[in-house]
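What follows is a single structure, written as structure tokens, with notes after it.
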Amino acid sequence: MKAHLMRLSRRHALQGLTALATLPALPRMARATAHRLTLAPASQQIAPPNYPATDLWCVNGTMPGETLRLKQGAQLVAKVENRLSQPTSLHWHGIRIDNAMDGVPGVTQDPIQPGETFTYDFAVPDAGSYWYHSHAQSVEQVERGLQGVLIVEEPDAPDVDQDLPLVIDDLRVTAEAAVDTAFNAPHDLSHAGRMGNVLLCNGKMVADHPVKTGDRLRLRLINSANARIFTLGLQGLEGWVMAYDGMPLATPMPLPDQLVLAPAQRIDLFVDVAAKAGEDAFLFQFKRDGGYELARFPVSSGTHTRRTAPAALPPNPDFPIDLNSARSVDLITEGGAMAWLQNANFKGENLSGQDLAQLGQFWSFNGTAGRPIEPLITASRGETIRIRMVNDTQFPHAMHLHGMHFSEVLPDGTLGPLRDTLLMLRGETREIAFQAHNPGDWLFHCHMLSHHAAGMGTWVRVTA
């Protein structure tokens, strides 16, 4: 990595908060694992101590919420109590579960009303790094803190000294360190999405994790931000990419200089501590003048010598993709600032661009703003589906499919690694394919949450 990229700063790019800008395993579980998750207001010290605590909406009192760890194949029972002023739900992002447990109001369940409870009960078939978050008024509720980590552990623990989930986020706050409540700002809806002015890791401006020389760490990077695309680097840590979006790579990939992590994406890394005792290692966000640190790893003396490269993580259940028999469909994205929708279908009615803007609908898929009445495609169970996605806009989009993982169809006709969220840059055309193995109605939407709220949502149906 070039030297000029190694200058790290604890300063975060803020708007309206100038003072802040200058300051610095559980045991093996039984087959069924029960949790009570209370969604309620809580305060957390996001800003430095001389600022007020930030009022949030949290899962069991913290943001991120309680980290749930289960063994692969275990049954998760989560009794969710809503003590908020709004209806809500929890979506279990990336887990290939029964459709009724997917947590999407109006599609898979009724919203959980204030004062009510709902019990999610499902098996976790895939080992890997996942997360859960609100899927009701998500722009507001995820921003306020309704999110947490879900880790599904392999039957045999890999050889690592620490297993660290690192939830990378941003939060837009006022000069009083309060959450900015302009959740439906037209600029956010029609441009790049809601960007925060404070960068966070595990709910802190900088997260510290003491390590020892020679330690091998499993870093589970999770981007829970509303819209920010993180370009990440590591200093004093060397290693391998092991998995994308929970799905293991067939062969671990040497760690590149930069890791791009779009909203909702995850990357699992195995890294060895190469920094010397008394030094610090870092996870940082690249900036043009260096980097902003997100997590710091103070290094003390250890006894490990450098280990050999790790073997691949064991594969998850496979649902083969057969491109030769695949059925294809196009998904054309239009709209946004600099290319306003001239008109689009919205809830069965064709509206002008002006009418759509007044309704907060700035984007369309195949000429429809918002979730359409009919699915993008109806697939038979076991059928392979190809979706050619055209981003005919000036902004990037993180496309997320519920209920199943897909592979990108690469230009040479081969398949990329399995993912559940794919970043599309402006003007790009990309193609994905998946086996429709999981029956039900599944959302397919942009995970820039303001974009989803402003029209970028559709769905696929898989029949039994």
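Does L14 satisfy the criteria of being in a helix (DSSP H, G or I), modelled with pLDDT under 50 and under 20 Å from D180 (Cα atoms)?
no
Among the residues of the stretch 241-280, which ones are acidic (D, E), open to solvent by less than 10 Å² (accessible area, probe 1.4 Å) and in a loop (DSSP other than H, G, I, E, B)? Explain how you work it out, then say what you get.
Let us first name the residues in the stretch 241-280 that are acidic (D, E), namely 245, 257, 268, 272, 279-280.
If we keep only those that are open to solvent by less than 10 Å² (accessible area, probe 1.4 Å) as well, we get 245, 268, 272.
Hit for the stretch 241-280 is D245, nothing else.
Just to be sure, is R381 out of contact with any Asp or Glu (no Cβ under 6 Å at 6 or more places or on another chain) and either open to solvent by 30 Å² or more (accessible area, probe 1.4 Å) or at pLDDT below 95 (or both)?
Yes, satisfied.
Residue under question is G302, and the condition is that it be open to solvent by 10 Å² or more (accessible area, probe 1.4 Å) and over 24 Å from the mean Cα position of the chain (by Cα); does it hold? Break it down into steps so the answer makes sense when it comes.
On the way: open to solvent by 10 Å² or more (accessible area, probe 1.4 Å): yes; over 24 Å from the mean Cα position of the chain (by Cα): yes.
Spelling it out, G302 is indeed open to solvent by 10 Å² or more (accessible area, probe 1.4 Å) and over 24 Å from the mean Cα position of the chain (by Cα).
Of L84, L76, L68, which residue is in a strand (DSSP E or B), closer than 26 Å to K204 by Cα and modelled with pLDDT of 95 or more?
L68
Identify, please: which residue in the stretch 281-299 is more than 26 Å from the chain's Cα centre (by Cα) and assigned to a strand (DSSP E or B) and is, among those, surrounded by the fewest Cβ atoms within 10 Å (Cβ to Cβ)?
P298
Of the numbered conditions (1) within 27 Å of the chain's Cα centre (by Cα); (2) open to solvent by 80 Å² or more (accessible area, probe 1.4 Å), I332 fails exactly one; give the number of that condition.
Here I332 meets the rest and fails (2).
Kindly provide the set of residues from the stretch 370-411 that are charged (D, E, K, R) and either outside any strand (DSSP E or B) or within 12 Å of S328 (Cα to Cα) (or both), ordered by number.
Within the stretch 370-411, the subset charged (D, E, K, R) is 371, 374, 381, 383, 386, 388, 392, 408.
Listed by number, the residues that qualify are R371, E374, R381, E383, R386, R388, D392.
Could you list, in sequence order, the residues of the stretch 305-328 that are touching an Asp or Glu at 6+ places or on another chain (Cβ under 9 Å), at pLDDT below 95 and open to solvent by 60 Å² or more (accessible area, probe 1.4 Å)?
The answer is R306, and nothing else.
Could you list, in sequence order, the residues of the stretch 436-448 that are more than 13 Å from I377 (Cα to Cα) and either in a strand (DSSP E or B) or of a type in the set (F, W, Y) (or both)?
Scanning the stretch 436-448 gives H445, C446.
In the stretch 159-174, which residue that is of a type outside the set (S, T, N, Q) and open to solvent by 30 Å² or more (accessible area, probe 1.4 Å) is farthest from P48 (Cα to Cα)?
D159
Out of the residues in the stretch 413-424 meeting the condition of being touching a Leu at 6+ places or on another chain (Cβ under 9 Å) and outside any strand (DSSP E or B), tell me which one is surrounded by the most Cβ atoms within 10 Å (Cβ to Cβ).
So the residue we want is D420.
Return the pairs, sorted by first residue and then second, in which the second residue is acidic (D, E), the first residue lies in the stretch 356-370 and is at negative phi, the beta carbons are less than 9 Å apart, and the residues are 6+ apart or on different chains.
Every condition considered, the pairs that remain are Q361/D355; W363/E334; S364/E334; F365/E334.
Please enumerate the residues belonging to the stretch 175-229 that are buried (at least 23 other Cβ atoms within 10 Å of the Cβ), among the charged types (D, E, K, R) and outside any strand (DSSP E or B).
The answer is D188, R194.
Restricting to the stretch 413-437, name every residue that is more than 13 Å from M389 (Cα to Cα) and either aliphatic (A, V, I, L, M) or more than 21 Å from the chain's Cα centre (by Cα) (or both).
Once the filter is applied, which keeps residues that are more than 13 Å from M389 (Cα to Cα) and either aliphatic (A, V, I, L, M) or more than 21 Å from the chain's Cα centre (by Cα) (or both), the stretch 413-437 yields G413, T414, L415, L418, Q435, A436, H437.
Being open to solvent by 40 Å² or more (accessible area, probe 1.4 Å) and in contact with a helix residue (DSSP H, G or I) (Cβ under 8 Å, 6 or more places away or on another chain) is the filter here; which residues of the stretch 384-412 pass it?
R386
Look at the stretch 117-135 and say how many of its residues are among the aliphatic types (A, V, I, L, M) and open to solvent by 10 Å² or more (accessible area, probe 1.4 Å).
1
Let's see how each residue does on (1) of a type in the set (A, V, I, L, M, F, W, C); (2) modelled with pLDDT under 95; (3) under 30 Å from K204 (Cα atoms):
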{"position": "M63", "(1), (2), (3)": "yes, no, yes"}
{"position": "A100", "(1), (2), (3)": "yes, no, no"}
{"position": "F122", "(1), (2), (3)": "yes, no, no"}
{"position": "S134", "(1), (2), (3)": "no, no, yes"}
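Does D156 satisfy the condition of being out of contact with any Phe, Trp or Tyr (no Cβ under 8 Å at 6 or more places or on another chain), over 24 Å from S43 (Cα atoms), open to solvent by 10 Å² or more (accessible area, probe 1.4 Å) and not aromatic (F, W, Y)?
So D156 fits the description; yes.
The values are calculated or read from the model by the stated rules, or taken from the named source; none is laboratory data. From a predicted model like this one, the values you see are computed outputs, not experimental measurements. With ideal geometry, Cβ positions are generated from the backbone for all residues, glycine too; neighbour counts draw on all protein chains shown. Heavy atoms of the whole protein, side chains included, go into the accessibility calculation; ligands, DNA and RNA do not. Shrake-Rupley method; radii C 1.70, N 1.55, O 1.52, S 1.80 Å.
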